[in-house]
1. Once the piece of chain linking residue 59 and residue 4 is laid out straight, how much longer is it, given 0.36 nm per residue of separation minus the C-alpha distance between them?
2. Provide the FRET efficiency to the nearest 0.05 for the residue 31-residue 66 pair, computing r from the beta carbons and using R0 = 30 Å.
3. Stretched out fully, how many nm does the piece from residue 21 to residue 48 gain, at 0.36 nm a residue minus the Cα gap?
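Please treat every number below as a calculation from the coordinates, not as lab data. What you see is a predicted model; the values in this text were computed from it and never measured. Every residue, glycine as well, gets a Cβ built from its backbone with ideal geometry; the counts of neighbours run over all protein chains shown.
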Amino acid sequence: MGIIAWILIGLLAGAIAKLLLPGKDPGGIIVTMLIGIAGGLLGGWLGKVIFGVDSIDGFFELSTWIAAIVGSLILLVIYRLITGNRSSHRHA
């Protein structure tokens, strides 16, 4: 897949991850989009390492989308854990 396809999948996977984990995130839409792109790459890598499968087969393959969304969810949760602690101390 080309870089444009990765960016599109990442943007959409980030939006889907945000829908599945609603809430206020520091950084807004730009950070969510970047998390989505990185999450797509992470999901593909994890699919290869953990399950030994090529989870990134093509743009319209279900395995590609599942891997990208799972990777985005993982990164979104990690991001919230890191930034959530920082922002709660600031307001205290």
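1. Numbers: separation 55, 0.36 × 55 = 19.80 nm, distance 1.05 nm.
Gain on extension, residue 59 to residue 4, equals 18.8 nm.
2. On the way: r = 23 Å, r/R0 = 0.76.
Taking R0 as 30 Å, the efficiency between residue 31 and residue 66 is 0.85.
3. Working: separation 27, 0.36 × 27 = 9.72 nm, distance 2.50 nm.
Contour length minus the Cα-Cα distance gives 7.2 nm.
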